[in-house]
1. Within the stretch 204-246, count every residue that is open to solvent by less than 50 Å² (accessible area, probe 1.4 Å), assigned to a helix (DSSP H, G or I) and modelled with pLDDT of 90 or more.
2. For the stretch 55-74, how many residues meet the condition of being part of a helix (DSSP H, G or I) and at pLDDT below 80?
3. Residue check: is Lys87 closer than 22 Å to Leu193 by Cβ, open to solvent by 60 Å² or more (accessible area, probe 1.4 Å), of a type outside the set (Val, Ile, Thr) and in a helix (DSSP H, G or I)?
4. Does Lys202 count as among the basic types (Lys, Arg), over 25 Å from Lys218 (Cβ atoms), in contact (Cβ under 8 Å) with a residue 60 or more places away in the chain and out of contact with any Phe, Trp or Tyr (no Cβ under 8 Å at 6 or more places or on another chain)?
5. Given the structure, is Lys138 of a type in the set (Lys, Arg), free of Cβ contacts under 8 Å to residues at least 40 places away in the same chain and either surrounded by fewer than 13 Cβ atoms within 10 Å (Cβ to Cβ) or closer than 19 Å to Leu209 by Cα (or both)?
6. Among the listed residues Leu183, Leu176, Leu162, identify the single one that is under 23 Å from Pro96 (Cα atoms) and open to solvent by less than 30 Å² (accessible area, probe 1.4 Å).
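The values are calculated or read from the model by the stated rules, or taken from the named source; none is laboratory data. Just so it is clear, the model here is predicted, and its values are computed rather than measured. Counting neighbours? That spans all protein chains shown, and the Cβs are built from the backbone with ideal geometry, glycine included. To get the accessible areas, we keep the full protein, side chains included, count just its heavy atoms, and leave off ligands, DNA and RNA. Shrake-Rupley method; radii C 1.70, N 1.55, O 1.52, S 1.80 Å.
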Amino acid sequence: MDLLKNNWGFWLITLVCVIAILSVGVCCSMAAGKQKTQVDNAAKQMTDFANVAKENLKLNDENVKIAETNQKVAEAGVKQMKQELTKRFQLNYTVPETSIEALRTLKDELAKMRSFLEDNNIEYSSKCEYFTFDAIAKATQPPNKDDLDSIFRHLAAIKIVLETCVKAKIDSLEDLSRPLGILEQDEGSYKFLPIELTIIAKPAAAQNLINLMSRADKNLFFFKYFELIADDKTTEIGKDIKDTAISGSSASSGRGGMSEPGMEMDMEGGGRRGRRGKRGMDNMGPGMDMEPGMGDAAGRTTNLVELPQRRQELLVYEHKTTKWTLRFDMILFNREEEEKTEETEENAD
């Protein structure tokens, strides 16, 4: 014991060294195992290469011709697919010849779009009065002639969105924007035009809008994301329940639990009387009827009979109207120069 007490520092250092040696040994063992695995894999690969070299496998002229033929078939298939997509999903629009004519045409089209929504009982906010073309429509100078093609291409896209909103029967259009302005994101063989809109609609109508946009036959839209806000709105029955719960709890707490909700003390007679009294008679709804047996204003006795209510009259919450923010990317396929030339020749003929 004295040996341990007098040399505790030495033993502590010895213990630390032993642990360090064991740790190094374990790490070395793991590294050696990993190295052995890699060496075995490399040896196997070298063996495979050696076997291939022994077989003397080489591409002959026939194999080269087959490969070239397959390449041509694949390229032709890709080109045909692009042409079919371009013809199927084609955005048709007309560009005016002059900037002044373009500005006048743009304002006329925007007015028609506003009338179109109004005729179909769809409200729109002041943000959507010019349907993302505020700067151009309010400008004192006509737009640059180089921008006319993009402007009217985007105008055609917005028209499609509004027509789809009408088909889906939304309630109102709260906001509409094109995040890239008159530009599009070029991806080589196609471009995409992002469009964001905020609508007020019932859930079924909003779902219908998403389906119609995503499954359009003549235009290709990708549904990117959405945000949903759905606040609960109580009916008159729901409000009465809430008011009764609040007034009942405050009445109970004020009287120390001595009285029941809907009843109050008659201090002169010492008994209880109904709180309804005259208020209950005044607030009778269409589901109540008077019969002889209960006192009325003329002193006659009448009985109060409650008719059964329908299920729709007992709903606590109104049918939910939701607010949706949706983002769609419209895909515009780039036509090859050969296709443009062919189209020009067809129009000339």
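1. 6
2. So the answer is 1.
3. Against the criterion (closer than 22 Å to Leu193 by Cβ, open to solvent by 60 Å² or more (accessible area, probe 1.4 Å), of a type outside the set (Val, Ile, Thr) and in a helix (DSSP H, G or I)), Lys87 qualifies.
4. On the way: among the basic types (Lys, Arg): yes; over 25 Å from Lys218 (Cβ atoms): yes; in contact (Cβ under 8 Å) with a residue 60 or more places away in the chain: yes; out of contact with any Phe, Trp or Tyr (no Cβ under 8 Å at 6 or more places or on another chain): yes.
The answer is yes for Lys202.
5. So Lys138 fits the description; yes.
6. Working: Leu183 fails: open to solvent by less than 30 Å² (accessible area, probe 1.4 Å); Leu176 fails: under 23 Å from Pro96 (Cα atoms).
Selected residue: Leu162, the only one of Leu183, Leu176, Leu162 that is under 23 Å from Pro96 (Cα atoms) and open to solvent by less than 30 Å² (accessible area, probe 1.4 Å).
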